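Dropping the structure in here first, questions after.
The values are calculated or read from the model by the stated rules, or taken from the named source; none is laboratory data. Keep in mind it's a predicted model, so treat the numbers as computed, not measured. Quick reminder, even Gly has a Cβ in these numbers, built from the backbone with ideal geometry, and neighbours come from all protein chains shown. Calculation scope for accessible area: heavy atoms of the full protein, side chains included, ligands and nucleic acids excluded. Shrake-Rupley method; radii C 1.70, N 1.55, O 1.52, S 1.80 Å.
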Amino acid sequence: MLFFQKRAESVLPPPPASDIGQLRTRIESQELPHHAREAAKRELERLEKTDPSAAEYGVGLAYLDFLLGLPWAAVTPDRLDLAQAEAVLDARHHGLGQIKDRVLEYLASRALRAAPDFHVLVVDDEDIARANLEHVLRKEGFKVRGAANGLEALAEVRRSEFDLIVTDLKMDKMDGLQLLAEARRISPATRVMLVTGFATVDTAVEAMRQGAVYYLAKPVNLDELRATVAALAKEKTAPASFRSPVLCFSGPPGTGKTSVGQAIAEALGRRFHRISLAGLRDEAELRGHRRTYVGALPGRVLQSYARLGVANPVFMLDEIDKIGKDFRGDPAAVFLEMLDPEQNSQFVDNYLEAPFDLSRTLFIATANDLAELSGPLRDRLEVVPFRGYTTREKVRIAAEHLLPRQLREHGLTHPFPTVTEEALRLTVTGHTREAGVRNLDRELGRICRKLARLRLEQGEGQAVAEVDAALAAALLGPPPYRGETAGAAPRLGVATGLVYADYGGEIISVEAIRMEGTGELLLTGSLGEVLRESARTALSLVRSRAGELGVDPGLFASQDVHIHIPAGSIPKEGSSAGLTVAVALASLFSGRLLRPDVALTGEITLTGKVLPVGGIREKILAAARAGIREVLVPEANRPEVAAMAGEDSPEVLVRHVATVFAALPLALA
Ligand code: ADP
């Protein structure tokens with residue numbers, strides 16, 4: 001025992017000196033901001049006094065290693081070539097026209113503000129002197145214009161905004177001081193610098209009193225001029241003035257949000273990183289634990305930067321609306337701090353303690369449901385809505401993007417098998433039911449795996465050259481989704497509704513039955529309070545307008561009604577089921593059957609009016625996916641439907657209804 005202990009001691013590394021020596025070199029040689037270097041030095045001092053076998057020693061080492069591994073100064077060089085950005089976005093994505101435009105506009109305005117030109121107006125009535133100054137300033141990279149006198153100068157100031165006017169004091173018609181006063185009246189933010197050969201203390205004082213920023217004596221000291229103008233220009237580019245909104249991509253899953261984010265990073269030549277915030281419980285997960293906790297770690301934000309190795313990535317905060325309900329701390333406050341350029345240059349991680357500058361990052365948030373976000377946070381976000389795809393769009397996306405990638409990933413390249421449009425259509429409609437294309441991508445992957453196996457089993461010569469609908473059907477097996485409503489028989493008291501949830505639109509089935517009783521209403525299913533209320537409204541409406549709806553009013557007193565909505569999910573807005581429930585009840589009490597291939601959406605009033613509802617496009621797409629033939633939507637939703645003109649889905653006929661009474665005959669078999 002003793003022997004082993006001795007051996008163990010003798011092989012213990014003699015680290016302190018070398019550890020500490022190495023760390024000291026890193027601290028000295030690495031490019032660190034002052035406060036980080038100080039924090040590192042403090043920790044190193046502490047380490048020197050710590051017994052290397054003590055637990056704190058390891059903790060201290062890990063801390064220093066983390067601190068020194070962060071990209072304090074490392075950035076990838078930014079490039080912004082809009083044409084190239086557009087090319088990258090186009091190459092990667094089918095469609096998304098409006099989204100691409102919004103992204104390009106955002107990048108353009110960001111680029112302009114991040115590196116704004118500094119505009120200088122040089123005013124002198126001596127041509128040679130003026131030309132000299134113009135030349136010197138232009139060579140420094142400023143945008144320069146000249147004017148030969150005060151009046152010309154004012155005309156220029158009216159025409160465009162200058163950051164600085166460098167003007168001679170003594171000029172005909174209007175002298176420098178008059179110009180100063182006039183120019184500042186027209187453009188209060190413009191600074192003025194005076195140049196004069198007759199420098200006297202009095203005029204200098206007067207000029208400054210009137211608001212000049214600087215006073216140069218002739219002959220002009222060019223170094224002084226360059227330095228002064230450069231200092232003013234630098235103020236303009238200071239990051240504090242750069243407060244652009246943060247892009248927030250919202251929309252159903254699989255509609256290209258992440259992929260557009262990646263394309264932005266590629267276009268800018270930046271690295272891309274994404275963290276998912278779904279189910280996040282604790283602020284400490286983001287910002288770390290204080291080192292006084294045993295096993296404390298830095299938060300996920302700084303860990304990401306350590307891994308990326310650069311301080312200016314495109315950083316996607318995925319699903320900021322999906323933070324766990326039991327989140328400890330205020331998520332909105334953390335994000336505001338992370339996303340606000342005025343605060344995020346000083347982002348504090350509890351573990352690191354020394355503030356880290358996030359302001360060089362381009363953040364992009366994603367959210368499915370904007371209603372979940374707090375007001376101040378929403379205000380900081382520029383929302384770019386992503387939308388579900390139509391069947392035809394999905395087929396194009398599959399043919400042009402998903403399939404070629406899957407074929408390459410599965411080595412099916414010599415030659416590429418062709419997959420017919422019918423085969424893709426079958427995959428889309430029979431094997432996926434989603435707003436985006438994630439599952440479609442997965443199903444195409446399945447086809448490719450099976451093709452790869454066939455190729456190996458049958459040998460190159462016999463390889464499948466074309467996948468048609470029949471082969472796709474054989475490879476994929478029986479479709480889990482069929483137009484389930486299409487062949488169904490007309491039903492009593494069962495109506496199909498359209499709802500809108502996080503992942504896009506969906507159809508729901510509303511069932512109503514009646515039984516002997518005392519006029520009670522029973523509601524079951526996954527119903528929110530709003531949905532319950534619209535069911536009650538629907539029942540009162542059907543009772544009160546029994547005559548118009550062809551219903552026997554005597555029935556209600558002796559019957560209980562049970563309404564069930566067997567939806568797998570809780571829709572975002574329950575009120576839009578009102579019309580569906582009313583129609584189901586009218587059918588039930590009048591004994592007339594409802595068409596199974598008609599779906600409805602609309603909020604109703606007690607008098608039977610149909611009010612507009614949200615998510616119309618997603619609902620119509622969902623109806624098309626489910627094989628519905630006709631959709632009844634509120635009259636007031638005409639604009640949304642009109643905006644879809646030109647898109648496909650000829651399979652679905654959309655009709656507008658203004659009242660429940662107009663909707664009923666259309667829904668009856
Ligand atoms: P989200 O982030 O919205 O959930 P993703 O960006 O992960 O969706 O998209 C899922 C897949 O679908 C990715 O492989 C993406 O490239 C592809 N995709 C989505 N939209 C398009 C599109 N319009 N054109 C081409 N590919 C697309």
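Amide H of residue 384 versus every other amide H placed in the peptide plane: which residues, excluding those fewer than 5 positions away on the same chain, fall under 5 Å?
It is 248, 249, 250, by chain and number.
Something else now. Roll a 1.4 Å probe over the protein chains and send me the accessible area per residue for region 391-476 in Å².
Here the residues of region 391-476 average 52 Å² of exposed surface.
Further, regarding this structure: If packing is taken as the average number of other Cβ atoms within 10 Å across a peptide's residues, how do 593-606, 259-272, 462-475, 539-552 rank, most packed first?
593-606, 259-272, 539-552, 462-475
Also: Once the Cα atoms of helix 222-237 and of the chain are each reduced to a long axis, what angle between those two axes, in degrees from 0 to 90 to the nearest 10, is obtained?
The answer is roughly 20 degrees.
Continuing with the same structure: Can you check what the Kirkwood hydrodynamic radius comes to for the chain, Cα pairs only, in Å to one decimal?
In the chain this quantity evaluates to 31.2 Å.
Additional query: Using the basic label-point model (7 angstrom from Cα toward the beta carbon), what is the residue 414 to residue 42 distance in nanometres?
Result: 6.3 nm between the two label points.
Given a 1.4 Å probe, how much area per residue of region 307-353 is accessible, in Å²?
38
Another question, then. Given the C-alpha atoms of region 247-385, compute the convex hull and give its volume per residue in Å³.
107
On a 0 to 90 degree scale, rounded to 10, what angle separates helix 257-268 from the longest Cα axis of the chain?
Between helix and principal axis, roughly 20 degrees.
Right, here's the next one. Excluding residues on the same chain fewer than 8 positions from residue 139, give the lysines whose Cα lies under 17 Å from its Cα.
234
A further question on this structure: Give the peptides 121-133, 357-369, 610-622 in descending order of average Cβ contacts within 10 Å, highest first.
610-622, 357-369, 121-133
If you don't mind, another one. Tell me the relative contact order for region 391-476 as a rounded percent, counting alpha carbon contacts under 8 Å between residues six or more apart.
Result for region 391-476 is 40 percent.
What residue among 541, 526, 611 has its Cα farthest toward the positive end of the dipole of region 494-667, where the charges are +1 on Lys, Arg and -1 on Asp, Glu, each on the Cβ?
Checked the options; the winner is 541.
Any idea how far apart residue 421 and residue 101 come out in nm if each label point goes 7 Å out from Cα toward Cβ?
2.7
Related question: How big is the C-alpha Rg of region 119-240 next to the rule-of-thumb value 2.2 N^0.38 Å, as a ratio?
0.96
Please work out how much length the chain gains when fully extended from residue 294 to residue 282, using 0.36 nm per residue of separation minus the C-alpha to C-alpha distance, in nm with one decimal.
Full extension from residue 294 to residue 282 adds 2.6 nm.
I would also like to ask the following. Is there a pair in 100/394; 257/619; 257/450 whose C-alpha atoms are over 23 Å apart, and which pairs would that be?
From the list (100/394; 257/619; 257/450), the Cα-Cα distance tops 23 Å for 257/450.
How much accessible surface area, in Å² rounded to 10, belongs to the heavy atoms of residue 208 with a 1.4 Å probe?
90
Percent of alpha carbon pairs in region 494-667 separated by more than 30 Å?
When all Cα pairs of region 494-667 are counted, 12 percent exceed 30 Å.
Then there is this: Report P(r) for region 14-69: all Cα-Cα distances, bin width 10 Å, range 0 to the bin holding the largest distance, values in whole percent.
Spelled out bin by bin, region 14-69 gives 25, 61, 14, 0 percent.
Could you pull out which residues in region 158-196 have an amide N less than 17 Å from a spot 7 Å beyond the Cα of residue 112, following the Cα-Cβ vector?
What the label zone holds, given the 17 Å backbone N cut-off, is 159-163.
Helix 150-159 against the longest principal axis of the chain: what's the angle in degrees, Cα atoms only, rounded to the nearest 10?
20
Between residue 172 and residue 346, what is the spin-label point distance in nm, taking each point 7 Å from the Cα along the Cα→C-beta axis?
5.6
So what are region 580-669's ellipsoid semi-axes, whole angstrom, largest first, if each one is the square root of 5 times an eigenvalue of the alpha-carbon gyration tensor?
After diagonalising the Cα gyration tensor, the semi-axes are 22, 16, 9 Å.
For the chain, with only Lys/Arg (+1) and Asp/Glu (-1) charged at the beta-carbon, what is the dipole magnitude about the Cα centre, in debye rounded to 20?
Its charge dipole is roughly 1080 debye.
Compute the length gained on full extension between residue 223 and residue 548: take 0.36 nm times their separation in residues and subtract their Cα-Cα distance, giving the result in nm to one decimal.
That pair, residue 223 and residue 548, stretches by 108.0 nm at full extension.
Find the Rg to Rh ratio for region 208-320, where Rh is the Kirkwood radius over alpha-carbon pairs and Rg uses the same atoms.
Result: Rg/Rh = 1.21.
To continue, here is another question. Rounded to a whole number, what % of the accessible area of the chain do carbon and sulfur atoms account for, probe 1.4 Å?
54
Now a separate question. Looking at the calculated P(r) for region 391-476, what percent of the C-alpha pair distances fall above 18 Å?
34
Continuing with the same structure: Suppose all protein chains stay in the model; what accessible area per residue would a 1.4 Å probe give for region 494-667, in Å²?
38
Quick check on the chain: helices-only [θ] at 222 nm, where DSSP H runs of length 4 and up contribute -39,500 (n - 2.57) each and the sum goes over total residues. Nearest 500, please.
Helices in the chain give a 222 nm mean residue ellipticity of -13000 deg cm²/dmol.
Treat region 417-569 as a sphere of radius equal to its Kirkwood radius over Cα pairs and apply Stokes-Einstein at 10 °C in a medium of 1.306 mPa s; give the translational diffusion coefficient in µm²/s, rounded to a whole number.
81
Cα-Cα pairs above 18 Å in region 309-359: how many percent?
39
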